[in-house]
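The structure appears right after this line, and notes come after that.
The values are calculated or read from the model by the stated rules, or taken from the named source; none is laboratory data. All values reported here derive from a predicted model rather than from experimental measurement. In this analysis, Cβ positions are derived from the backbone assuming ideal geometry, glycine residues included, and neighbour counts consider all displayed protein chains.
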Amino acid sequence: MLAHSDTHARRLDGGGTPAQAWLSWPGLNDLPTIGAHALVPPGTRAVIVAPHPDDEILACGGLLQLLAAQGSRLLFVAVTDGDASHPGSPLWPQERLRQVRPQESAQALATLGLAPPTWLRLHLPDGGVASMTPQLSTTLAAQLRPGDIVFTTWRLDGHPDHEACGWACASACSASGATLVEMPVWGWHWAVPGDMRVPWHRAHRLPLPAPVLQRKRAALRCFASQMQDDPSTGRPAIVAGDALQRLLHAWEVYFL
């Protein structure tokens, strides 16, 4: 297993593993399936800890719909405001991103059919969560209760903020008696089918009915800041092409 400090080994440059490569891998179909009731039993609260606005939809936009349908209580934690996604962009300066990205999240959750949720916004520095992991863990532990199910990005996901959230949530869950569930987001980019760096032994597959997947797809279109090219810098969209399609399969994967 890779160490916490080996993020450089999980590279996020280039095009990454094509979405079709994952679809063609029989190993995904071999993962045990799990339902929303098993992930979040009746009477328990789901706490979704998102490193950036959009991670909650990318990672678990299907599950969120199923949880809303079964009446689960939800708490969303926005760790950063996602305001460092476009460095040097005249079109997307940090001040604009700080306002727009949380609005995009709200629109996306409404598109999923969720009532306006409870948010805890921590305003940690985008790109700098790793240096604040102990503080984040303490803050989260104070919010959690025994029996809570905490969903966050995988501790070895490849993006430093994603990994820091995973480690902070693991510590907070240990301190509070909550249960941790990790979700790969950028892991689909750098890993390859059958990759031994991925904890497939902990992985479960949540099938998404067609209408659920359609709403997730529609919700992701709310994130214009992330899914449109930036003409002011000439940079391509941050999440597009295979990066988007890898997270729009008819299933979501959870590490229990």
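Annotations
Condition check ((1) more than 12 Å from Ala50 (Cβ to Cβ); (2) surrounded by fewer than 23 Cβ atoms within 10 Å (Cβ to Cβ); (3) not acidic (Asp, Glu)) across all residues:
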{"site": "Gln103", "(1), (2), (3)": "yes, yes, yes"}
{"site": "Pro117", "(1), (2), (3)": "no, yes, yes"}
{"site": "Trp154", "(1), (2), (3)": "yes, no, yes"}
{"site": "Asp161", "(1), (2), (3)": "no, no, no"}
{"site": "Ala170", "(1), (2), (3)": "yes, yes, yes"}
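Yes or no, residue by residue, for (1) free of Cβ contacts under 8 Å to residues at least 60 places away in the same chain; (2) in contact with a helix residue (DSSP H, G or I) (Cβ under 6 Å, 6 or more places away or on another chain); (3) among the acidic types (Asp, Glu); (4) closer than 14 Å to Val77 by Cβ:
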| position | (1), (2), (3), (4) |
| --- | --- |
| Gln135 | yes, no, no, yes |
| Gly147 | no, no, no, no |
| Thr153 | no, yes, no, yes |
| Asp157 | no, yes, yes, no |
| Pro160 | no, yes, no, no |
| Ala164 | no, yes, no, yes |
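- Flag for Arg98 being under 16 Å from Val150 (Cβ atoms), surrounded by fewer than 23 Cβ atoms within 10 Å (Cβ to Cβ) and either without any contact (Cβ under 8 Å) to a residue 40 or more places away in the chain or touching a Gly at 6+ places or on another chain (Cβ under 9 Å) (or both): no
- Only one of Asp157, Asp161, Asp148, Asp126 that is among the acidic types (Asp, Glu) and more than 23 Å from Leu247 (Cα to Cα): Asp148
- Test: Gly147 is modelled with pLDDT of 95 or more, out of contact with any strand residue (DSSP E or B) (no Cβ under 9 Å at 6 or more places or on another chain) and farther than 29 Å from Trp190 by Cα: no
- Inter-residue pairs, beta-carbon under 7 Å, first in contact (Cβ under 8 Å) with a residue 12 or more places away in the chain and in the range 78-90, second polar (S, T, N, Q) and part of a loop (DSSP other than H, G, I, E, B), 6+ apart: Gly88/Thr233; Ser89/Ser232; Ser89/Thr233; Pro90/Ser232
- Annotation: of all residues in the range 225-255 being acidic (Asp, Glu) and surrounded by 14 or more Cβ atoms within 10 Å (Cβ to Cβ), the one that is farthest from Glu163 (Cα to Cα) is Asp230.
- For the range 153-181, the tally of residues that are in contact with a Gly (Cβ under 6 Å, 6 or more places away or on another chain) and over 17 Å from Gly16 (Cα atoms) stands at 3.
- Selection from the range 172-184 of residues that are in contact with a helix residue (DSSP H, G or I) (Cβ under 7 Å, 6 or more places away or on another chain), surrounded by fewer than 21 Cβ atoms within 10 Å (Cβ to Cβ) and not aliphatic (A, V, I, L, M): Ser176, Thr179
- Flag for Asp81 being under 29 Å from Trp200 (Cα atoms) and among the acidic types (Asp, Glu): no
- Residue that is surrounded by the most Cβ atoms within 10 Å (Cβ to Cβ), among those in the range 137-149 that are touching a Ser or Thr at 6+ places or on another chain (Cβ under 9 Å) and part of a helix (DSSP H, G or I): Leu140
- Of the residues making up the range 188-207, none is free of Cβ contacts under 8 Å to residues at least 12 places away in the same chain, closer than 23 Å to Ser105 by Cα and part of a helix (DSSP H, G or I).
- Within the range 151-191, being more than 11 Å from the chain's Cα centre (by Cα) and polar (S, T, N, Q) holds for Ser171, Ser174, Ser176, Thr179.
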